[in-house]
Structures are given as structure tokens and as C-alpha cells.
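The structure appears right after this line, and notes come after that.
The values are calculated or read from the model by the stated rules, or taken from the named source; none is laboratory data. Worth saying up front: this structure is predicted, and the values here are computed from it rather than measured. So basically every Cβ, Gly included, is an ideal-geometry build from the backbone, and we count neighbours across all protein chains shown.
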Amino acid sequence: MFACQYDQRFSYCLYVPLSHHDQIDRTYPLAVVVHGTGRTAMQYRDAFADFAETHQCIVLAPLFPAGIPEPGNLSNYKFIACGDIRFDHILLAMVDEIAKTYRVRSDRFLLHGFSGGGHFAHRFFYLHPDRCLGVSIGAPGVVTLLDYDHDFWVGIRNLEAEFGIVPDVDEMRRVPVQMIVGGNDTETWEITIEPGSWLWMDGAATADGNRQDRMLALKASFEREGITVQHVVVPGIGHEGFRLVAPVQEFFASILDRQ
């Protein structure tokens, strides 16, 4: 784990193909894999090691520790901003940092996140589609719809006021998108939002139900704006991110093969 020099409260680990030491003329694509609430960053890095060797790709797995900025905060990174912390800026700083050491194509990268990482991935995509080579959104429990009728986090009506960025839907249409969830991922105990919850706001029930329902609502909001979505439901799997790695890697491989 390396401390991010932009903000040393956060860190990252890497997998760099062995060929990097010898093939000095080669530049490598980058895949970023964002952990869920369990903060299993190193395990995700390891799960993508064979993929990195096969496809000659560098893998970056950031770690956004729980308890920042206040004790017990498990969801700090999921909604991109928490207090004065901008997690999208932190990730981009990590990418810039490794580009100073490794021969990596840092202008655009593949992005996958599961559960809490799926929260981060689709919201990052709204803000930075120009940095995304492809986006895989894995089973987020709460979704921000591509919806101009509600404020963030429900929709994106006030995204510019919140983040200083106007959503570029034209650019989003150019990026391959995968939405992936286990077929048995139907529990709602962790994702129910009720009045009085810290997440409650006008429109909070717009995309309700379980993760299947919320994924379909997110997909529909993308497709209404002309964004093509590869929707993958993996049968026999619950809320188990590591069991979804293989189809995510197939999606990433299909993008790299076209490069």
C-alpha cells in the first residue's frame, strides 16, 4: 500500500505486469478497481493479477478507509464528496501519481466498482466521462439516476452547483458501460432509505426496491439519454463481488481488444 501524496489519509496498491521491467517502449492501459464497504482493496488487486498479465494492463486499487472524516463513517467515498473531501479528485491524483513512475496510459482508464464501489463508479462517471475508457457498475445499493428532475444524490439536476461540473452526456455515450449484479442479490435490509435517514431527501424513493430494481432504474435512465448499457445478471450469485470478477474482466478485455 502506498500513501497518496495528494492526501496521505488515503492509499492504493498496484499490480504491474512483469514485462514492465523489460519492455521499456511499451505503454500500459490502466484498470481501476474500487472496493466496497469492506475495504478489500488488496484482494481486488490480487483478483485482477492474472488479467493484468494476460492483457498487459496495470491495475490500481485505491483504499478509502472508513472513519474519515468522522469515526464510524463507512460511506464517505460512495457519494464522491464528504465534507471538504472530493474522492474523485483523490482517485485522479493517484492516477497522476503512478503515471510519474510507470508507463501507463493515464488519460483514460477502465473503472469497476462493486457495491460501495458501484456507488462511486457511476457517480464518478457522471463527473468524468472523459477519463473513462469503460465503466463497470456493480450492484450499488443506492443509485443516482441520470435524471434532471431531482437534485443530487437522487438525480443530477444540481450537479454543477454541487461539484462544479456540467454533465457531458455526449461524452458518456462514447464510453462502454456495464451494469452487473448477482441474480440472487435481492436483500434490502442494508439499502432501505426511510424518512429520518441521513440519506433521505426529496425523491429518495424514486429508484426503490432491491438492487435488481435499482439497477434497472439506473439502466433505463441511461438508455433514455442514448447511452448503451450491457446489463449482466449472473445467476446463482448473491451480493458477492468477487464472484462477479470474471464477467467484469470479459467486459474489460473486450474494450482493450478494440484499442
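Is one or more of the residues making up region 193-202 surrounded by 14 or more Cβ atoms within 10 Å (Cβ to Cβ), out of contact with any Cys (no Cβ under 9 Å at 6 or more places or on another chain), modelled with pLDDT under 95 and of a type outside the set (A, V, I, L, M)? The answer is no, given that none of the residues of region 193-202 is surrounded by 14 or more Cβ atoms within 10 Å (Cβ to Cβ), out of contact with any Cys (no Cβ under 9 Å at 6 or more places or on another chain), modelled with pLDDT under 95 and of a type outside the set (A, V, I, L, M). A single member of GLY164, GLY141, GLY134 is surrounded by fewer than 18 Cβ atoms within 10 Å (Cβ to Cβ) and among the small types (Gly, Ala, Ser), and it is GLY164.
Contact map, region 3-25: residues that are without any contact (Cβ under 8 Å) to a residue 40 or more places away in the chain paired with residues that are in a strand (DSSP E or B), Cβ distance under 9 Å, separation 6+ or inter-chain. Pairs shown: ALA3/SER11; ALA3/TYR12; SER19/TYR28.
In region 205-217, the residues that are among the polar types (S, T, N, Q) and in a helix (DSSP H, G or I) reach residues that are buried (at least 16 other Cβ atoms within 10 Å of the Cβ) and modelled with pLDDT of 95 or more with C-beta atoms within less than 7 angstrom, at least six apart or across chains, in these pairs: GLN212/VAL181; GLN212/ASP185. Taken together, PHE10, PHE51, PHE64 contain a single residue that is aromatic (Phe, Trp, Tyr), within 15 Å of PHE252 (Cα to Cα) and out of contact with any Ser or Thr (no Cβ under 7 Å at 6 or more places or on another chain), which is PHE51. Within region 31-52, the set of residues being buried (at least 21 other Cβ atoms within 10 Å of the Cβ), in contact with a strand residue (DSSP E or B) (Cβ under 7 Å, 6 or more places away or on another chain) and either aromatic (Phe, Trp, Tyr) or over 20 Å from ALA246 (Cβ atoms) (or both) comprises TYR44, PHE48. In the set (1) without any contact (Cβ under 8 Å) to a residue 60 or more places away in the chain; (2) crowded, with 19+ Cβ neighbours inside 10 Å, PRO235 fails one condition alone, (2). Can we say ARG174 is touching a residue at least 24 places away in the same chain (Cβ under 8 Å), surrounded by fewer than 15 Cβ atoms within 10 Å (Cβ to Cβ) and farther than 23 Å from SER75 by Cα? Yes; evaluated as a whole, the condition is true for this residue.
Looking at (1) closer than 15 Å to PHE120 by Cα; (2) buried (at least 19 other Cβ atoms within 10 Å of the Cβ), which is the one condition that is false for SER75? Only one criterion in (1) closer than 15 Å to PHE120 by Cα; (2) buried (at least 19 other Cβ atoms within 10 Å of the Cβ) is unmet by SER75, namely (2).
Looking at region 226-246, can you tell me whether even one residue there is more than 28 Å from ALA47 (Cβ to Cβ), at pLDDT below 95 and in a loop (DSSP other than H, G, I, E, B)?
Keep residues of region 226-246 that are more than 28 Å from ALA47 (Cβ to Cβ), which gives 226.
Filter once more, so that each one left must be at pLDDT below 95: none.
Taking every residue of region 226-246 in turn, none turns out to be more than 28 Å from ALA47 (Cβ to Cβ), at pLDDT below 95 and in a loop (DSSP other than H, G, I, E, B).
Note on region 153-171: residues that are charged (D, E, K, R), more than 21 Å from ALA204 (Cα to Cα) and free of Cβ contacts under 8 Å to residues at least 12 places away in the same chain amount to 1. The numbered conditions (1) in contact (Cβ under 8 Å) with a residue 40 or more places away in the chain; (2) small (Gly, Ala, Ser); (3) out of contact with any strand residue (DSSP E or B) (no Cβ under 7 Å at 6 or more places or on another chain) are all true for GLY196 except (1). Restricted to region 72-188, the set of strands (runs of 3 or more DSSP E) holding at least 3 residues that are over 20 Å from GLN259 (Cβ atoms) and touching a helix residue (DSSP H, G or I) at 6+ places or on another chain (Cβ under 9 Å) comprises 177-182.
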